[in-house]
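These notes concern the structure reproduced below.
Throughout, read-outs are computed from the coordinates displayed, never taken from laboratory work. Note that the structure is a prediction, hence the values are computed from the model and not measured. With ideal geometry, Cβ positions are generated from the backbone for all residues, glycine too; neighbour counts draw on all protein chains shown.
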Amino acid sequence: MPKKFGTGLFIGRFQPFHNGHMHAIRDAGSLCNELVVGVGSAQKSRTTDNPLPASVRIRIIKSALKESAAIKAKIMFLEIPDFHDNERWFAYIRKKVPKLDVVFSGNPIVKTIFRGHDIQVIAPKWYNRADLSGTKVRAVIRRSGKWERMVPKGAVSVIKANERAITAGPKQ
């Protein structure tokens, strides 16, 4: 059965990647032949809200996706730094992903930017949003709680290997 879109973009910070992200990417991937996973705030790491560098976040996502045969789209990754200038940010993405058919995002600013350039935006169906967010996962990790059930099985070992970055707090 043909997919509805050629290339889609799913943007997130993935600090860390959790089951809600996995469900949203699975849904987005079911609609696209290719799905670009945009790792936002790519230049940030070692802060309270952004403890993990983009390279580690990508490793976590790849590990999680390897465990999931349910995603049929070709997956690619794009590190997206913050520009604090919407047009520069958009131009950066368009340069890296010139053939873009749809963006998956619930972020109002992202919606406004892409719709302003006549690119369709679909809000992902969030899975268990009340219990799953990067903020909540980081909080459980920091208090040495049972966070493993909050992330895809394939992500657990990579997150454990980088747990110190999450619990250490911001750089001084």
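Structural remarks
- Taken as Cα centroids, segment 128-160 and segment 20-70 sit 14 Å apart, rounded to the nearest whole angstrom.
- Rounded if a/c under 1.5, otherwise prolate or oblate - segment 74-172, Cα gyration tensor axes: prolate
- Inter-label distance, nm, simple model (7 Å from Cα along the C-beta direction), T112/R143: 3.5
- Overall form of segment 5-166 per C-alpha gyration tensor (a/c, 1.5; a/b vs b/c): prolate
- Summing Lys and Arg as +1 and Asp and Glu as -1 over all other residues whose Cβ lies under 14 Å from the Cβ of T135 gives a net charge of +4.
- Treating r as the C-beta distance of A123 and F83 and R0 as 35 Å, the FRET efficiency rounds to 0.90.
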